[in-house]
1. Within region 86-99, which residues are crowded, with 22+ Cβ neighbours inside 10 Å and either of a type in the set (A, V, I, L, M, F, W, C) or in contact with a Lys or Arg (Cβ under 9 Å, 6 or more places away or on another chain) (or both)?
2. All but one of (1) under 23 Å from P114 (Cα atoms); (2) free of Cβ contacts under 8 Å to residues at least 12 places away in the same chain hold for V42; state the number of the condition that does not hold.
3. Does P43 fit the bill of being closer than 23 Å to F137 by Cβ and surrounded by fewer than 20 Cβ atoms within 10 Å (Cβ to Cβ)?
4. Within region 87-113, which residues are under 29 Å from H165 (Cβ atoms), aliphatic (A, V, I, L, M) and free of Cβ contacts under 8 Å to residues at least 40 places away in the same chain?
5. Could you please find all residues in region 179-194 being over 24 Å from the mean Cα position of the chain (by Cα) and assigned to a helix (DSSP H, G or I)?
6. In region 153-175, how many are closer than 19 Å to P99 by Cβ and either in a helix (DSSP H, G or I) or in contact (Cβ under 8 Å) with a residue 24 or more places away in the chain (or both)?
7. Given G80, G88, which one is at pLDDT 95 or above, within 13 Å of the chain's Cα centre (by Cα), over 20 Å from D20 (Cα atoms) and of a type outside the set (D, E)?
Amino acid sequence: MARAGLSRDAVVDLAVRLIDEAPGSADRLTLAAVAAEAGVAVPSLYKHITSLADLRRAVALVALRELVRRSAAATVGRSGPDALRALGTAIRAYAREHPGLYSAAQVSPEADDPASAELAAAALDAVELVAAVLRGFALPETRLVDAVRVVRSAVHGFVLLERAHGFGMPEDVDRSFDALLTVLVDGVAALARS
C-alpha cells in the first residue's frame, strides 16, 4: 500500500488483516508489523493513530462488532433453547474462522475512559445480545447477570480449550460442544425456575 493511501481506516484494516492472517494473541500486534505491511516507517502511522493502544482498541472494535453481528444474525427468529444453541454455535464458529479477531474481541474496556467509549458500547452490545437470548427463558432479572456470565464463561472456556488443542481424546469434539450447549440450556432453565 502506498503511503498516500494511508488513512486511519486503512491502518486499522491492515492491523485486522494481520491479526486474522497470523492468529495468536491480539496482544502481539505491533506498530512495526503494521508499518512494514503498509510499507512505511512506524512514525508515519502516528498521522492516523495515536498509539498502539489506540490501534488495539480500533481492532477490538472491528472484531467485537463482527462477532455481535454474526451472533445476532444467528439468533434472529429464534427463542429459548434454540436461540441459545444458535448463539453458542455462532460464537464458536467465529472463533474457529477468525481466532485472532476472536481474541481481539475479548476486551473489558474502561467505562470511564473517553478513548474507550465506543469500544465499551460495543462490549455492552455483546452482553446485551446474550441477555436478550437468555430472556427467552423467562429468567427473573435477578438471575440474568448470573446466566449471562455462566453462558459466556462456558462457551469461551470451550473455545479456548479447543484452540489450545486441549481436547486430545479421540471422541468427537462437536458432540462435546453439543453436550455443553445442552448443559447450558438445562442450567439456564433451572435458573429460571429458582
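The values are calculated or read from the model by the stated rules, or taken from the named source; none is laboratory data. In this text the structure is predicted, and so the values were computed from the model without any measurement. Here the Cβ positions follow ideal geometry from the backbone for every residue, glycine too, while neighbour counts run over all protein chains shown.
1. L87, I91, Y94, A95
2. Of (1) under 23 Å from P114 (Cα atoms); (2) free of Cβ contacts under 8 Å to residues at least 12 places away in the same chain, only one is false for V42: (1).
3. So P43 does not fit the description; no.
4. A90, A93
5. Correct list: D186, A189, A190, L191, A192, R193.
6. 13
7. Answer to the check: G88.
A quick yes/no check of all residues on (1) among the acidic types (D, E); (2) closer than 26 Å to F177 by Cβ:
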site	(1), (2)
Y46	no, no
T75	no, yes
A83	no, yes
E97	yes, yes
